[in-house]
1. Got a sec? Charge dipole of the chain, +1 on Cβ for Lys and Arg, -1 for Asp and Glu; which of Val247, Asn172, Ile45 is way out at the positive end?
2. Treating the range 61-175 as a set of equal point scatterers at the Cα positions, no solvent, please give the Debye-formula log₁₀ I(q)/I(0) at q = 0.13, 0.24 Å⁻¹.
3. With θ set to phi - 60°, apply the Karplus curve 6.51 cos²θ - 1.76 cosθ + 1.60 along the range 56-65 and write out the HN-Hα couplings as whole Hz, x wherever there is a Gly or Pro.
4. In deg cm²/dmol, rounded to 500, what helix-only [θ] at 222 nm does the chain give when every DSSP H run of at least 4 residues adds -39500 (n - 2.57) and the total is split over its residues?
5. Heavy-atom accessible area per residue, the chain, 1.4 Å probe: how many Å²?
6. As a test of reading the structure, rank His186, His176 by solvent-accessible area (1.4 Å probe, protein chains only), most first.
7. Answer with one residue from Gly203, Phe68, Ala125: the one whose Cα lies farthest towards the positive end of the charge dipole of the chain, charges on Cβ with Lys, Arg +1 and Asp, Glu -1.
8. Summing Lys, Arg as +1 and Asp, Glu as -1, what charge do residues with Cβ under 10 Å from the Cβ of Gln100 carry, Gln100 excluded?
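The values are calculated or read from the model by the stated rules, or taken from the named source; none is laboratory data. Small disclaimer: the values here were computed from a predicted structure and weren't measured. No Cβ is skipped: glycine too gets one built from the backbone with ideal geometry, and neighbour counts run over all protein chains shown. We work out accessible area using only protein heavy atoms, side chains counted, and drop any ligands, DNA or RNA first. Shrake-Rupley method; radii C 1.70, N 1.55, O 1.52, S 1.80 Å.
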Amino acid sequence: ISMENSSSVKEFILLGLSENQGVQKIYFVLFLLFYTLTVAGNLLIVLTVTSSRHLNSPMYFFLCHLSFVDICYTSVTAPKMISGFLVENNTISFAGCIGQLFGFHFFGCTEIFILTAMAYDRYMAICRPLHYPALMSRRLCGRMVGCSWVGAFLHSTLQTLPTALLPFCGPNRVDHYFCDVHPLLHLACTDTRAVGLAAVANGGVISLGCFLILVMSYLVILVSLRGQKAAGWHKALSTCGSHITVVILFFGPCTFVSVRPSGDLSEDRSVSVLYTLIAPMLNPLIYTLRNREVKGALRKLCSRKV
């Protein structure tokens, strides 16, 4: 069934974050700055890791992929949202809306899986340091990233296809700044309870399940540190601090939106800004400011370019 045949609505109107013209101008400047910093910061991380011979451990391999995913993830929603602040009706075609829905869940789920893989890497580095080089081989890291992409593709397909096949024959005003499952379900001309529950189950199992895995991995790390001196604690926690911060910033808002049924969309809009734009913008700062090796490689890259 083609997308054009499954719906009489040819385009949607994204209502955005505010209908106040003055507030929209402020948002335009603010979010344009945020998006620029997000792309520039994460691109700098990718260039730094790929150009440095010293940043070749699994942690930096995953960090490079995480930064690339952050660029793609933010670019799915931010440009359309930012341009919408300058027009009266921010319209998006039906095919473009479904494409945005797919991309949002695809890159978002990929980020969740990569963050989980990074937690496993930290667990192996701290709890099994003698076997770490052999266990976390380049091939295993590549397979973990590959599985992250494949798993995210399956998740995004399961989220997008049922929504795309719903009949949309009436209102076309999406109460959000991008196309997501819950706002679109409110516009469908049929009973969407089954699709909504499936979407909550799909997204909730992944986000909440991975979050619990992350929490358990760090609990195991803390238990394994019992009896060690303060220097050992400091070294272990310093390597995990950046990752824990990123996990809290991303998983907290993401899990809040994913596990609850569609309700107050105004809350979803506000919370979504945190994990679609703010968290990807802060990731490069968090990993750079807390990591001497990255800062050193970044200085060498900048001096070489100059």
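1. Farthest towards the positive pole: Ile45.
2. -0.63, -1.31
3. 10, 7, x, 4, 7, 4, 5, 4, 4, 5
4. -25500 deg cm²/dmol
5. For the chain, the solvent-accessible area averages 49 Å² per residue.
6. His186, His176
7. Ala125
8. It works out to a net charge of 0.
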